[in-house]
Amino acid sequence: MAAVLRPAAAFRSLGLPVRSMATLKEIRTRIKSVSSIQKITKSMKMVSAAKFARSERELRSARTYGNAAQAFHESAAIEPTDPKHLIVAVTSDRGLCGGIHSNIGRHIRAVLSELPNAETVKLVTCGDKLRSLFQRTHAPQMALAFSELGKQPPKFSDAAFVAQKILEKGIEYDKATIVFNKFRSVISYRVTEQPVFSLETISGSETMTLFDDVDSDILRNYHEFSLASLVYWAMKESATSEQSARMTAMDAASKNAGMPLCCSSVIGLLVMS
């Protein structure tokens, strides 16, 4: 009587690869794993939604600081020729929020590629996400790096600390640019540049000479306050954009986890039947 080979044995006898079908235990393990992932992403979405609501409320008052400081630097009407540049990148330490941090990195690299003296530009990073990126590619240009951002909502004291360290470091620059994500809506944000000029550059502006009551001490104090205000505004905009991006990313992850869950459940029912 001729031996009857099963399909798998027949393929092995011919030297062909055989892909075995998943067992019922493996399917149950897969269903349990996908269900756990879906629960985690849904929980993270709910947490991000609560943090986003708080960040959006606090952003309204933070924009008051930013608009006033922005008007001060715009009123100086400065266009320095061949300036020394400083770039302050504002992100955070946390991930799982789509490409919101990598967009800042790509934008800064594009800016550096267009500058004629890119190798002299100094970099200050707020957040570990960009620090780890630029340490690999632009380590000689790194002047300062700040971490422990993103775990708690940013405060003005955090921005004042960053501004103080930048001034104490004695970085020589004529024009600084704060690069951050500006919040537009729940599903939209935009990489934004905010110019900031050094105290020496502002003091030499013709516009400042029109004010008789502005002495060097007043100008220095307000310059320090305006730098802290702009950093605070950038941190608030970045934090709100990050929470909205994380909320959107976790919602998409939950939906993606739900699709294979349905398919696996159907396969499980078919196998059990």
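The values are calculated or read from the model by the stated rules, or taken from the named source; none is laboratory data. Fair warning: this is a prediction, and the values are worked out from it, not measured in the lab. Note: ideal-geometry Cβ built from the backbone for every residue, glycine included; neighbour counts use all protein chains shown. SASA here: full protein model, heavy atoms, side chains in, ligands and nucleic acids out. Shrake-Rupley method; radii C 1.70, N 1.55, O 1.52, S 1.80 Å.
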Sole residue being within 27 Å of VAL179 (Cα to Cα) and either at pLDDT 75 or above or in contact with a Lys or Arg (Cβ under 8 Å, 6 or more places away or on another chain) (or both), chosen from LYS25, LYS39, LYS45, LYS32: LYS45
Where a residue in the range 128-139 is farther than 14 Å from LEU112 by Cβ and its partner, wherever it lies, is modelled with pLDDT under 85 and crowded, with 19+ Cβ neighbours inside 10 Å, with Cβ under 9 Å and at least six apart: ASP128/LEU149; ASP128/GLY150; LYS129/GLY150
Single residue of the range 245-258 satisfying the filter (out of contact with any strand residue (DSSP E or B) (no Cβ under 7 Å at 6 or more places or on another chain) and within 12 Å of ILE187 (Cβ to Cβ)) that is surrounded by the most Cβ atoms within 10 Å (Cβ to Cβ): MET247
Within the range 136-150, considering residues that are in a helix (DSSP H, G or I) and open to solvent by less than 50 Å² (accessible area, probe 1.4 Å), the one nearest to HIS85 (Cα to Cα): GLN141
Residue that is nearest to the chain's Cα centre (by Cα) [pool: residues in the range 228-256 that are among the hydrophobic types (A, V, I, L, M, F, W, C) and under 24 Å from GLN38 (Cα atoms)]: ALA245
Of all residues making up the range 108-135, the number that are over 11 Å from the mean Cα position of the chain (by Cα), buried (at least 17 other Cβ atoms within 10 Å of the Cβ) and part of a helix (DSSP H, G or I): 5
Residues (farther than 24 Å from HIS101 by Cβ and either open to solvent by less than 20 Å² (accessible area, probe 1.4 Å) or part of a strand (DSSP E or B) (or both)) located in the range 176-207: PHE197, SER198, ILE202, SER205
Any chance TYR222 is of a type outside the set (Lys, Arg), at pLDDT 85 or above, out of contact with any His (no Cβ under 8 Å at 6 or more places or on another chain) and farther than 16 Å from VAL88 by Cβ: yes
Among (1) under 13 Å from SER238 (Cα atoms); (2) in contact with a Phe, Trp or Tyr (Cβ under 8 Å, 6 or more places away or on another chain); (3) of a type outside the set (A, V, I, L, M) - the single one PHE72 does not satisfy: (1)
Residue within the range 85-105 that is open to solvent by 80 Å² or more (accessible area, probe 1.4 Å), in contact (Cβ under 8 Å) with a residue 12 or more places away in the chain and closer than 19 Å to ALA176 by Cβ present: no
Test: residue in the range 156-168 that is within 20 Å of LYS84 (Cα to Cα) and charged (D, E, K, R): yes
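Given the options LYS129, LYS169, LYS155, name the one that is in contact with a Leu (Cβ under 7 Å, 6 or more places away or on another chain) and not aromatic (Phe, Trp, Tyr).
Only one candidate qualifies: LYS169.
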One residue from LYS51, LYS84 being touching a helix residue (DSSP H, G or I) at 6+ places or on another chain (Cβ under 6 Å) and of a type in the set (Lys, Arg): LYS51
